[in-house]
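Undergrad: Dumping the structure here so I can ask a few things about it.
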Ligand code: ACO
């Protein structure tokens, strides 16, 4: 006889509350679906605070004072360099390997060289320091791996630049314009945290066994990679590129919907009336496209967005506009998802630390649907 709890089955864990958290709230002020980081609405954070302030908020619980931000920036900048052994390893990875796979390896290698690698897994302060180093180092690792994949030498970080500008500098070897750095910084803030999405859940499950923070982030990177989650920003670009011409967009989406295709960059498990991050980023995409004098991708995106919402009731999620923004910034498509990861590491880390501070092992049950219990026959009697 199965117990009552075994009878409750939630495919994909939809609607299941498995944790309490003080980090992100997706209820919104009207219970309509919104997003707030530690009580601050995403609409108020985006464009008003830097990614560094957002990361501080997530890791330390509140927005920094000017003095706290100064010190935090100092610590991030001092931690940006990655070990030479990691750069050497990245040079040996076959060029065909996806950058999300090299990033997963990079986080694992960074663990070995972390100065507090032997600290107890539940040492809160050591975990915050490790998280800060990961925020700084993952950006450097993504840029270095991208350059190596292009056959170029990695570029050392530039201490006088902020996190977003420094990343673009390490990627391209030139200082970005203020507008480019600002737009990129905004995307990092929007990507920084999102409650119990699949990758954050994976990180918390790993931490719940009393494993270490780097192991939890490795789990998260591997989980983010999939196209139903973070991998959707790369796939969103493929959709836009496949359409290619604004005049084809209307027909393309009608045909795709008639074929019952899944259109990457649309839909969300929690938001059913729209992703507030996508709304914010779309405005910035329009602005950047106007600045560079090329609205082709906006004009392709628009009818697809309209028809997905009208016919399927599926508004875009954040990955839909972020693909366009990264294209406008001249960033290569395979590192769209690694950029998501280097931003999300702040949220992942905050969750891992919260999990380790109030831990209970995560161990759900499965409903058994296999063969009935049966005797083991001697090998000669099987078949
Ligand atoms: N395109 C077309 N149809 C869709 C889409 C889509 N993007 N998303 C959902 N649907 C349809 C499904 O086909 C299904 O239809 P049916 O009931 O007729 O079979 C119905 O909506 C429900 O789909 P599920 O996959 O069960 O819904 P779920 O809540 O699991 O969906 C998900 C969430 C996985 C994000 C889904 O919307 C999807 O696959 N989107 C595309 C991938 C994507 O953009 N992922 C990024 C999410 S945001 C993030 O991770 C940052």
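The values are calculated or read from the model by the stated rules, or taken from the named source; none is laboratory data. Keep in mind it's a predicted model, so treat the numbers as computed, not measured. Here the Cβ is made from the backbone with ideal geometry for all residues, glycine too, and neighbour counts use every protein chain on show.
Undergrad: Exactly one of (1) surrounded by fewer than 22 Cβ atoms within 10 Å (Cβ to Cβ); (2) within 13 Å of the ligand (Cβ to nearest atom); (3) assigned to a helix (DSSP H, G or I) is unmet by residue 226. Its number?
TA: For residue 226, the exception is condition (3).
Undergrad: Going through region 128-158 one residue at a time, which ones are within 16 Å of residue 176 (Cβ to Cβ) and assigned to a loop (DSSP other than H, G, I, E, B)?
TA: Scanning region 128-158 gives 155, 157, 158.
Undergrad: For region 229-238, what are the residues that are assigned to a helix (DSSP H, G or I) and near the ligand (Cβ under 10 Å from one of its atoms)?
TA: 232, 233, 235, 236
Undergrad: Only one of these is assigned to a helix (DSSP H, G or I), within 16 Å of the chain's Cα centre (by Cα) and within 16 Å of the ligand (Cβ to nearest atom): 320, 252. Name it.
TA: 320
Undergrad: Does residue 196 satisfy the condition of being outside any helix (DSSP H, G or I) and at negative phi?
TA: Taking the combined requirement at face value, the residue satisfies it.
Undergrad: Something else: Can you tell me how many residues within region 327-369 are in a loop (DSSP other than H, G, I, E, B) and under 30 Å from residue 297 (Cα atoms)?
TA: Going through region 327-369 one residue at a time, the tally reaches 4.
Undergrad: Sticking with this structure for a sec: Of the numbered conditions (1) within 16 Å of the ligand (Cβ to nearest atom); (2) within 24 Å of residue 47 (Cα to Cα), residue 292 fails exactly one; give the number of that condition.
TA: (1)
Undergrad: Residues to consider are 179, 198, 202, 207; find the one that is more than 20 Å from residue 142 (Cα to Cα), surrounded by fewer than 24 Cβ atoms within 10 Å (Cβ to Cβ) and away from the ligand (no atom under 16 Å from the Cβ).
TA: 179
Undergrad: While we're looking at this one, here's another question. The conditions are (1) more than 17 Å from the chain's Cα centre (by Cα); (2) away from the ligand (no atom under 14 Å from the Cβ); (3) crowded, with 20+ Cβ neighbours inside 10 Å, and residue 218 fails exactly one of them. Which is it?
TA: So residue 218 meets the others, but not (1).
Undergrad: Conditions first: (1) modelled with pLDDT under 95; (2) closer than 30 Å to residue 116 by Cβ. Residue 202 passes all but one, so which condition is the exception?
TA: Answer for residue 202: the failing condition is (1).
Undergrad: Still on this structure, I have one more. Inspect region 344-354 for any residue being more than 21 Å from residue 200 (Cα to Cα), touching a residue at least 24 places away in the same chain (Cβ under 8 Å), more than 14 Å from the ligand (Cβ to nearest atom) and touching a helix residue (DSSP H, G or I) at 6+ places or on another chain (Cβ under 9 Å) and give the result as yes or no.
TA: For region 344-354, residues more than 21 Å from residue 200 (Cα to Cα), touching a residue at least 24 places away in the same chain (Cβ under 8 Å), more than 14 Å from the ligand (Cβ to nearest atom) and touching a helix residue (DSSP H, G or I) at 6+ places or on another chain (Cβ under 9 Å): absent.
Undergrad: Hey, can you tell me all the residues within region 256-282 that are within 13 Å of the ligand (Cβ to nearest atom), surrounded by fewer than 21 Cβ atoms within 10 Å (Cβ to Cβ) and assigned to a helix (DSSP H, G or I)?
TA: 256, 257, 258
Undergrad: Further, regarding this structure: Starting from region 281-305, take each residue that is on the phi > 0 side of the Ramachandran plot and list its partners that are surrounded by fewer than 20 Cβ atoms within 10 Å (Cβ to Cβ) and modelled with pLDDT under 95, counting only C-beta distances under 7 angstrom and pairs at least six apart or across chains.
TA: Here the result reads none, with nothing in region 281-305 linked to a residue that is surrounded by fewer than 20 Cβ atoms within 10 Å (Cβ to Cβ) and modelled with pLDDT under 95.
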